[in-house]
1. Within segment 391-429, work out how many residues are free of Cβ contacts under 8 Å to residues at least 12 places away in the same chain and either of a type in the set (K, R) or under 21 Å from L457 (Cβ atoms) (or both).
2. With the condition kept exactly as written, say whether any residue in segment 89-105 is over 30 Å from E294 (Cβ atoms), in contact with a Cys (Cβ under 9 Å, 6 or more places away or on another chain) and of a type outside the set (D, E).
3. Taking the condition of being surrounded by 13 or more Cβ atoms within 10 Å (Cβ to Cβ) and more than 22 Å from H94 (Cβ to Cβ), how many residues in segment 129-140 meet it?
4. Right, L236: in contact with a strand residue (DSSP E or B) (Cβ under 7 Å, 6 or more places away or on another chain) and closer than 24 Å to E71 by Cβ or not?
5. Given (1) within 19 Å of the chain's Cα centre (by Cα); (2) of a type in the set (G, A, S); (3) over 27 Å from I280 (Cβ atoms), where does S66 come up short, assuming only one miss?
6. For segment 6-23, what are the residues that are hydrophobic (A, V, I, L, M, F, W, C), within 19 Å of E45 (Cα to Cα) and either modelled with pLDDT of 95 or more or more than 12 Å from the ligand (Cβ to nearest atom) (or both)?
7. Go through (1) more than 16 Å from the ligand (Cβ to nearest atom); (2) at pLDDT 95 or above and name the single condition S3 misses.
8. Just wondering, is there one or more residues in segment 339-347 that are under 21 Å from the mean Cα position of the chain (by Cα) and modelled with pLDDT under 95?
Amino acid sequence: MKSTPLRVRFAPSPTGFMHLGNVRAALLNYLFARQGNGTFIVRIEDTDQQRNISPQTIFDDLSWLSLSYDEGPGIGGPYEPYFQSQRTPSYEEHLAYLIQHNHVYRCFCTLDDLEKKRLRQMALRQPPRYDRTCLRLSASDIEQRLQQKVPFMWRFQLDGSSLTIHDMARGPITYDLNHFSDFALTRPDGSFTFIFANFVDDKVMHISHVIRGEDHLSNTANQAALYKVFDVTLPLFWHLPIITNTEGKKLSKRDFGFSLNDLRRAGFLPEAICNYLAIIGLGSFTQEIMSLQELTQALDFNNLASTGHVRYDIEKLRWLNHQWIMRLDLVDLAQRCRLFMPERYKDVPHLSDARLAELLPLTRESMITLADTESTLGFFFERPSVDPQLLDEYNFPAYKNIIVQLSSHIDAATLSKQITALCKEHQLPPKNLFALVRIALTGTPQGHAIADLITLLGKDEVQARINALV
Ligand code: GLU
């Protein structure tokens, strides 16, 4: 038997910036396609003209994340166009089929009528469902309204009592259709609804697996009914659990890192973001730091757990980001750090990536995100402002004389030994002096080995900075 080709899609509505739920859906579709040697499609669901913004940010974000697609905007493919706003003839054709086979009826109820009905049902503690008023209209009632040009929408007449779909994580899901309304396929202005356009495109584009957020679970029931009347095999579904914050609440705009933009601006690497979003909620891994290629091999889509939700833990993401900073090629890291350098480091444009790459092995250990570039590398570009309180903390007055002595003849090759010897002579613990020298050189008491600092800054600069202390 010929098996169905594996085809998945990421179908964002361009109504705002990508948030982590979108990114995770795009990523898992991508990884699933790559693992199964399938096709990853991008389709822009821009039917809601009022809420649309330019989809360009979506393309930029996907490219930044390295989630390359095989069919879609800018690339083309056998089912062009990949923008729903340009696919109206296909929706019209499918609607015509449903009209012809009596699966739909016109609904003339106004939004106001519908809202009133809904409130009444709620007051009576009944599930809010469309009461099929318009299904009972006679042919002449309909004719009359059409003549009066009363706006209407097409509703799909749900038939049967239940429907079953297969979810890759949850197994079979059976919907009791008594809880569902005859849903709208068009809006009173004649445009097509999300439920319908999304179904038509998945059908026409031969999507084999629909991987999307669990907020679409009830849409799936309606769409399954459409597949049935068109006599098309249902795709397999994977409804991704919602992402919650550490308190278990749905992640929202108020949570830091909800939008991809926040993370990008805060210096998170696309590698770390993808790595993190792919491993949360998908079991435990002996080796957690994985590239897209490694993730493609490591994820087990045949044994998906049906977790209630996945918890977003920024600390874990920070940890992964640090691991990725340690893992990146140094010249690559240097190029990325450059974007986070303050303008005032005038030297930077003249400093080659190769030179920056030489500095990074000494500083990247203390970087969590690229935004730490300034605090970790800043001392290289400008002399630190020394905090007098910090000097006191390390008992500067007791060491002042030694520092004066030291500053007069620094021997770069043996500075550490010099420090130890002088402290011994004055019977003072060397630890404080090391800290004070570091404060003079970098502004902070911890961090780099003195020898490394000399290599980085050069003897003259070291001498000048120590001199400035006294
Ligand atoms: N446009 C829908 C959304 O952004 C897509 C849902 C789906 O993947 O089917 O939520």
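The values are calculated or read from the model by the stated rules, or taken from the named source; none is laboratory data. Quick caveat: nothing in here was measured; it's all calculated off a predicted structure. Cβ sites come from the backbone with ideal geometry, for glycine too, and all protein chains shown count toward neighbours. Note: areas computed on protein heavy atoms with side chains; ligands, DNA, RNA excluded. Shrake-Rupley method; radii C 1.70, N 1.55, O 1.52, S 1.80 Å.
1. 8
2. Yes, segment 89-105 has at least one match.
3. Taking segment 129-140 as the starting set, the residues that turn out to be surrounded by 13 or more Cβ atoms within 10 Å (Cβ to Cβ) are 129-135, 137.
Restricting the remaining residues to those that are more than 22 Å from H94 (Cβ to Cβ) gives 129, 131-133, 137.
Selection size over segment 129-140: 5.
4. Spelling it out, L236 is indeed in contact with a strand residue (DSSP E or B) (Cβ under 7 Å, 6 or more places away or on another chain) and closer than 24 Å to E71 by Cβ.
5. (3)
6. Selection gives V8, F10, A11, F17, L20, V23.
7. All conditions are met except number (2).
8. So far as segment 339-347 goes, yes, one or more of its residues are under 21 Å from the mean Cα position of the chain (by Cα) and modelled with pLDDT under 95.
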